[in-house]
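The values are calculated or read from the model by the stated rules, or taken from the named source; none is laboratory data. Since the structure is predicted, the reported quantities are computational estimates derived from the model, not experimental observations. Note: ideal-geometry Cβ built from the backbone for every residue, glycine included; neighbour counts use all protein chains shown.
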Amino acid sequence: MNTKHFIPTLVLTQNFLPAKGGTITWMLNTYGRYQSGEVVVVTEECEQGAKVDKTLSFPVERISMNFADWDPTNVRALRGYVHAVINVCKISRQYGIKQIHVARVLPEGLVALFVRWVTRVPYLLYAHGEEIQTHLTSKKFSWLMPKIYNGAAAVIANSTNTKHILENIGTHAHNIHIINPGVSGELFNNSNTSGEAIRERHKLRQDPVLLTVGRLNCRKGQDMVIKALPKILDEFPTVKYLIVGIGGDGAYLQNLVYEYGVVDHVVFAGEVPDDELSGYYAAGDIFVMPNRQIGEDIEGFGIVFLEASAMGKPVIGGTSGGTEDAIVEGVTGFRVDGTQIEAICDAVRTLLSDPTRAKALGDNGRQRVLTEFTWEQIFQKTRSVVDRCG
């Protein structure tokens, strides 16, 4: 055991396995690399929790995390916070915890702030961008968030854009560390041959395939790609658009396909198993997710861009949110105004008309992932911040 860097750590996250999501993947790939006995995860109770917890390399303690509307001035929510604080304090004593690492500012960050007041155990807080923007619509949360962030020993921002958002709400700049999420270069790799089976399954033949992976949410831009398809088809009449994911805007997107007369060119694959996801990336020729801001909802980073890059695919994303960290303009792909159909068309047509350039962008993306974004590199960056706070 490396005692110099052994820091008993409690990871506090309301969202965890068996649920899925980018933050959960981030937590697993970071804290799964800690030393044996160094980490305990505290998360929400759930019916299937005990079964999945047995498969992990660290212990998981599940507690009730019922915070109602997360507003601590709400009596019911306050009871939930008090219950969680008591449990986290108890677990911290049980495991001799020296640091608490928190997945997001609310509600977990407020729990960690209360625990710090009681136990003096410092906490590190992750920031993803979209959750900050969403909470800014509430005067109470707008007042509360800076206090939670500034109470942390360190704040880990997932992108440059998220760092700017944090600074704009009054978070101390010297305390913010940018660490982007990572990608498994082994799981997502350009030697994957399962794309042919996916193409056969969805009758894509050898047609050019545009691919989007993400929640069916107009902020992701699937609607704009559908609206752009008629113009793209004028020049490339065999193009197919493969959409992977589920979400609240699914019915709207399906209706849009009929409205724009592209029903024969769009495939909704739905939710796909984790072990098939790389095959879907392999089946695509161009990854396109022209994200845009809707209300206060933004793309905090866009890990799917890195997954596509790791597969050697050129990527097209929006200029909104934190995509500037995920896409190097003109090197690994393009960033376009996700509100402009013509901008999306131009980017797609550029890549479809120049396969050599498209391949070069994909190759550049793959190399960038292996150089900068492996999970081992993300872990080392995290440990560097953690050790300075230890």
> Can you name the number of the only condition in (1) surrounded by fewer than 14 Cβ atoms within 10 Å (Cβ to Cβ); (2) at pLDDT 95 or above; (3) closer than 18 Å to Pro314 by Cα that Thr193 fails?
Replying inline: (2)
>> Suppose the filter is in a helix (DSSP H, G or I) and in the same structural domain as Thr25 (by TED's automatic domain parsing); does Phe114 pass it?
In response: yes
> Before we move on, is Pro72 in contact with a Leu (Cβ under 7 Å, 6 or more places away or on another chain), within 20 Å of Val118 (Cβ to Cβ) and not small (Gly, Ala, Ser)?
Replying inline: yes
>> Testing Glu47 on (1) without any contact (Cβ under 8 Å) to a residue 40 or more places away in the chain; (2) in a helix (DSSP H, G or I); (3) not small (Gly, Ala, Ser), one condition comes back false. Which one is that?
In response: (2)
> Would it be correct to say that Gly312 is touching a residue at least 60 places away in the same chain (Cβ under 8 Å) and either small (Gly, Ala, Ser) or in the same structural domain as Lys163 (by TED's automatic domain parsing) (or both)?
Replying inline: yes
> Which one of these is hydroxyl-bearing (Ser, Thr, Tyr), over 30 Å from Ser138 (Cα atoms) and at pLDDT 95 or above: Thr339, Thr374, Thr323, Thr319?
Replying inline: Thr374
> Does Leu28 satisfy the criteria of being of a type in the set (A, V, I, L, M), under 21 Å from the mean Cα position of the chain (by Cα) and part of a helix (DSSP H, G or I)?
Replying inline: yes
>> So in segment 301-345, with the set limited to residues that are within 19 Å of the chain's Cα centre (by Cα) and of a type in the set (Phe, Trp, Tyr), which one is farthest from Phe188 (Cα to Cα)?
In response: Phe301
> Restricting segment 17-58 to residues that are in contact with a Leu (Cβ under 7 Å, 6 or more places away or on another chain) and either more than 24 Å from Val183 (Cβ to Cβ) or not hydrophobic (A, V, I, L, M, F, W, C) (or both), which is surrounded by the most Cβ atoms within 10 Å (Cβ to Cβ)?
Replying inline: Val42
> Do the conditions hold for Arg383, that is, is it modelled with pLDDT under 95 and either assigned to a helix (DSSP H, G or I) or on the phi > 0 side of the Ramachandran plot (or both)?
Replying inline: no
> In segment 79-90, is there at least one residue being touching a residue at least 60 places away in the same chain (Cβ under 8 Å) and crowded, with 18+ Cβ neighbours inside 10 Å?
Replying inline: yes
> Looking at segment 145-190, which of its residues are surrounded by 17 or more Cβ atoms within 10 Å (Cβ to Cβ), in contact (Cβ under 8 Å) with a residue 60 or more places away in the chain and in a helix (DSSP H, G or I)?
Replying inline: Asn161, Thr162
